[in-house]
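Peer 1: Below is the structure I would like to discuss, written out as structure tokens.
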Amino acid sequence: MITLSKLTQSDITPLKAVQLAPEQVKFAATAEEFLADTVDTTHLHVIKWQGDVVGFFKLDVAYAEYYEFCPSDGVGLRSFALDSRQQGKGIGTKSVVALISYLRSQYSHYRYVYLTVNCQNPAAISCYLNAGFEDTLELYHGGAAGPQHIMRKQL
């Protein structure tokens, strides 16, 4: 069973054990980088599979202030990462599907969730599409790792 929740003190040690494949680090933050984000408008969350921390993500409530493609009633999904040892089991897609329900209950004042995903990351693109995200067919060119698809989902 997938559960999503805000990061708590008890999640920190197991979160530090989350490993990304070397080729994925350029697309998402490492666990240490994720934990170093102390911006008030960035909310840190964990993904648990059968009670164990297997991934993490950030919700950026100021996303619309920095990205003109995001409307003011949109929240940004950033640094969505799943432990490399848990990939290929459907946990990623199930987590993204669970995210929509989570956002509807915990961030109900937003109408959309937006994200960018690197054009060179077909597994992530497929995961988001399979979970019901829409590719806007626009590209964001401001990322350090190259062009990114702009994707969204209505909540």
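The values are calculated or read from the model by the stated rules, or taken from the named source; none is laboratory data. Note that the structure is a prediction, hence the values are computed from the model and not measured. All Cβ positions, even for glycine, are placed from backbone atoms using ideal geometry, and neighbour counts span all protein chains on display.
Peer 1: Being at pLDDT 95 or above, surrounded by fewer than 17 Cβ atoms within 10 Å (Cβ to Cβ) and either touching a helix residue (DSSP H, G or I) at 6+ places or on another chain (Cβ under 6 Å) or not in a strand (DSSP E or B) (or both): is that true of Phe69 here?
Peer 2: yes
Peer 1: Return a yes/no flag: does segment 118-132 have any residue that is surrounded by 22 or more Cβ atoms within 10 Å (Cβ to Cβ) and touching a residue at least 60 places away in the same chain (Cβ under 8 Å).
Peer 2: Looking for residues that are surrounded by 22 or more Cβ atoms within 10 Å (Cβ to Cβ) and touching a residue at least 60 places away in the same chain (Cβ under 8 Å), one finds at least one in segment 118-132, hence yes.
Peer 1: Hey, another quick one. If you check Lys94 against the conditions, is it basic (Lys, Arg), at pLDDT below 95 and over 23 Å from Gly146 (Cα atoms)? Before the answer, list the steps.
Peer 2: Numbers: basic (Lys, Arg): yes; at pLDDT below 95: yes; over 23 Å from Gly146 (Cα atoms): yes.
It is true that Lys94 is basic (Lys, Arg), at pLDDT below 95 and over 23 Å from Gly146 (Cα atoms).
Peer 1: Looking at (1) acidic (Asp, Glu); (2) touching a Gly at 6+ places or on another chain (Cβ under 8 Å); (3) in contact (Cβ under 8 Å) with a residue 24 or more places away in the chain, can you tell me which one Asp60 breaks?
Peer 2: Asp60 satisfies every listed condition except (3).
Peer 1: What residue, among those in segment 24-66 that are part of a loop (DSSP other than H, G, I, E, B) and hydroxyl-bearing (Ser, Thr, Tyr), is surrounded by the fewest Cβ atoms within 10 Å (Cβ to Cβ)?
Peer 2: Per the stated criteria, the residue is Thr38.
Peer 1: If you don't mind, another one. Restricting the first residue to segment 74-90 and requiring it to be on the phi < 0 side of the Ramachandran plot and surrounded by fewer than 17 Cβ atoms within 10 Å (Cβ to Cβ), which pairs with a second residue that is part of a loop (DSSP other than H, G, I, E, B) and at pLDDT below 90 meet a Cβ separation below 9 Å and a spacing of at least six or different chains?
Peer 2: Between residues of segment 74-90 that are on the phi < 0 side of the Ramachandran plot and surrounded by fewer than 17 Cβ atoms within 10 Å (Cβ to Cβ) and residues that are part of a loop (DSSP other than H, G, I, E, B) and at pLDDT below 90, the close pairs are Ser84/Leu20; Ser84/Ala21.
Peer 1: In the set Val113, Val96, which member is surrounded by 20 or more Cβ atoms within 10 Å (Cβ to Cβ), out of contact with any Ser or Thr (no Cβ under 9 Å at 6 or more places or on another chain) and part of a helix (DSSP H, G or I)?
Peer 2: Residue meeting the stated conditions: Val96.
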